[in-house]
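One structure is given below, encoded as structure tokens.
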Amino acid sequence: MTIASGRQQVSSADGRGASAATPAQTAEPSLRYNRADWASGFRNVGQELSNVALKANKGTIPADLKGTLYRNGPGRLERGGHWVHHPFDGDGMITALRFEAGGLNLTNRFVRTEGWLAEEKAGKPLYRGVFGTQKPGGLLANAFDVRLKNIANTHVVRLGDQLLALWEASSPHALDPETLDTKGISLLDGVLKAGEAFSAHPRFDPGHHGEERMVTFGVKSGPRSTIRLMEFAVADDPVSGVKAGQLLCERSDSFGGFAFLHDFAITPNWAVFLQNAIAFNPLPFLLGQKGAAQCLASKPGGQAQFWLIPRDSGAYAGQPPRIVPAPEGFVFHHLNAWEEASDAPEGSNNPQEAAAPATPAPIVVESIFYADFPSIGPDTDFRTIDFDLIPEGLLERCRIDLATGTVGTERLSERCCEFAMVNPRREGLSCRYGWMAVAERETGNDPLQAIKKLDLVSCERRVWSAAPRGFVSEPVMVPRSMPVGSPEPAEDDGWVLCMVWNGARCASDLVILDAASMEELAVVELPLAIPYGLHGSFVEG
Ligand code: CO
């Protein structure tokens, strides 16, 4: 593994790609990566380990990195010889990596969902998957079976004393944060109805309204779609008596049209949703021909929209949502959002301190745009997909002017990316830096093989690459913890943690990078082979 210096890759001011080609940019696909290495990352996790102590195989684990990295992702892709049609249909498997005093230990467990338990016993798939996995037995076995298998595979977050494994179409599963044992479905002390949709993309408000909060949503889709926006306390407050995990506020808003909302973004005053121009035709799903997600398609001539919902504690609380036309393209994930007027010095960004202006300040949203909805059709094996035929994700910045109802768009990079985040202490504020998984070459679609730190002002970047034999997953930026009373550390002071599929070893590595320089600090070879994961989070302590 090598460190590529960002200095060779300074982009022009408009964010267009670099002019000087490096070998990686021009190499044939076979030199950037080996397809068999990439495909070897799709497999079943064969073991569940408990508290296995690990050492760095290269470098040193930073002694001041303290806490637990939780990761979620599909851990079972085949059962009884039947493969999932899409890896997103695989059963959720949680990995916990605990850092303490320069040491590390690992625990991993499948989430004991109802479907996982039943299929383990049966030794074959008993449910259809949202992304096209069919039960054995052809159309007759699948038609009109619309049961959802809650596979708990998308994200894992800590809320109070519970660890929640999330899957957006249904309830969270609660796990023990230490042992990862499944406690069962959680309705969050009666906040949720049984089976109610609950997003797998909560956003953690670092304290724009005094205390840290988990802001999240559930969406009920139909000809009209309803978003339920919820804000939860993440810590006990001895003064108010509020307990961690308690619902602080909520609101519900209905919008015209079928909503496909995987992610959202928050600012101090707004919850920002991008409603893709997409249509859902349920017929092939009902008839057993396609998975529900395969029935989504771009709506010809459709208009995407930003749905901006005022947060209950913000300056526009109680006001109706604002709807603004959004640019063409399809978005799964956002990097961050902020309000231009709230870009104030530290400590003076509490919107409640100032009277709300009649016209809210422009809202800026940075998102990963695809030219079209990427889908794997019923007849395609996901391990043989042609990357050149699938649109790549590109980071774009939209500035929403609420006074005029217009949106200006600017592309921040031409490099294929996914899984982007800012320093979690600056979520909802203007940020200088983002960290994201990117392809090895500067343009075009390829598997994700590198981690990029992007300067969102100058578009300069630094890249750490796992190519040619490594494949990255979502990078998690962990800011350095400072003693109470010490000055705020620099925005990029901390680490980036990333699970890498090591094609040479056919197993997973944990890579620890310095978040500022993107230097590789440590590589830990895990005694596990974990397929490409989805989301995860770091819990300090
Ligand atoms: Co996601």
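The values are calculated or read from the model by the stated rules, or taken from the named source; none is laboratory data. In this text the structure is predicted, and so the values were computed from the model without any measurement. When we count neighbours, we look across all protein chains shown, and the Cβ atoms used for this are built from the backbone with ideal geometry, even at glycine. Calculation scope for accessible area: heavy atoms of the full protein, side chains included, ligands and nucleic acids excluded. Shrake-Rupley method; radii C 1.70, N 1.55, O 1.52, S 1.80 Å.
Regarding region 339-358, can at least one residue be identified that is away from the ligand (no atom under 16 Å from the Cβ), assigned to a loop (DSSP other than H, G, I, E, B), of a type in the set (Gly, Ala, Ser) and at pLDDT 80 or above? There is no residue in region 339-358 that is away from the ligand (no atom under 16 Å from the Cβ), assigned to a loop (DSSP other than H, G, I, E, B), of a type in the set (Gly, Ala, Ser) and at pLDDT 80 or above. Among the residues making up region 411-433, a single one is outside any strand (DSSP E or B), open to solvent by 20 Å² or more (accessible area, probe 1.4 Å) and among the hydroxyl-bearing types (Ser, Thr, Tyr): 430. All conditions in (1) more than 22 Å from the chain's Cα centre (by Cα); (2) assigned to a loop (DSSP other than H, G, I, E, B) hold for residue 250, with the sole exception of (2). Reported count of residues in region 246-265, each being within 14 Å of the ligand (Cβ to nearest atom), acidic (Asp, Glu) and surrounded by fewer than 19 Cβ atoms within 10 Å (Cβ to Cβ), is 0.
Counting just the residues of region 195-245 that are of a type in the set (Asp, Glu) and buried (at least 20 other Cβ atoms within 10 Å of the Cβ), which one comes out nearest to the ligand (Cβ to nearest atom)? Before the answer, list the steps.
The first filter runs over region 195-245 and keeps only residues of a type in the set (Asp, Glu), leaving 196, 205, 211-212, 231, 236-237.
Those left that are additionally buried (at least 20 other Cβ atoms within 10 Å of the Cβ): 205, 231.
Values: 205: 18, 231: 20 Å.
Restricting to residues being of a type in the set (Asp, Glu) and buried (at least 20 other Cβ atoms within 10 Å of the Cβ), the top hit is 205.
Inside region 308-336, residues that are away from the ligand (no atom under 16 Å from the Cβ) and either in contact (Cβ under 8 Å) with a residue 40 or more places away in the chain or at positive phi (or both) make up a count of 20. The residue pairs whose first member lies in region 244-265 and is within 25 Å of residue 164 (Cα to Cα), whose second member is open to solvent by 50 Å² or more (accessible area, probe 1.4 Å) and within 16 Å of the ligand (Cβ to nearest atom), and whose beta carbons are closer than 8 Å, counting only pairs six or more residues apart or on different chains, are 262/168.
State yes or no: is residue 192 more than 16 Å from the ligand (Cβ to nearest atom), part of a loop (DSSP other than H, G, I, E, B) and either open to solvent by less than 20 Å² (accessible area, probe 1.4 Å) or more than 25 Å from residue 491 (Cα to Cα) (or both)? For residue 192, the condition - more than 16 Å from the ligand (Cβ to nearest atom), part of a loop (DSSP other than H, G, I, E, B) and either open to solvent by less than 20 Å² (accessible area, probe 1.4 Å) or more than 25 Å from residue 491 (Cα to Cα) (or both) - is met. The strands (runs of 3 or more DSSP E) located wholly in region 30-144 that include 2 or more residues which are open to solvent by less than 40 Å² (accessible area, probe 1.4 Å) occupy 67-76, 91-100, 103-110.
Filter region 503-527 for residues that are open to solvent by less than 10 Å² (accessible area, probe 1.4 Å), in contact with a Phe, Trp or Tyr (Cβ under 9 Å, 6 or more places away or on another chain) and more than 19 Å from residue 48 (Cβ to Cβ) and give the result. Correct list: 503, 509, 511, 512, 513, 515, 518.
Looking across region 266-299, the residues that are within 16 Å of the ligand (Cβ to nearest atom) and either over 30 Å from residue 317 (Cα atoms) or in contact with an Asp or Glu (Cβ under 8 Å, 6 or more places away or on another chain) (or both) come down to 266, 293, 296.
Against the numbered list (1) modelled with pLDDT of 95 or more; (2) over 30 Å from residue 88 (Cα atoms), residue 69 comes up short only at (2).
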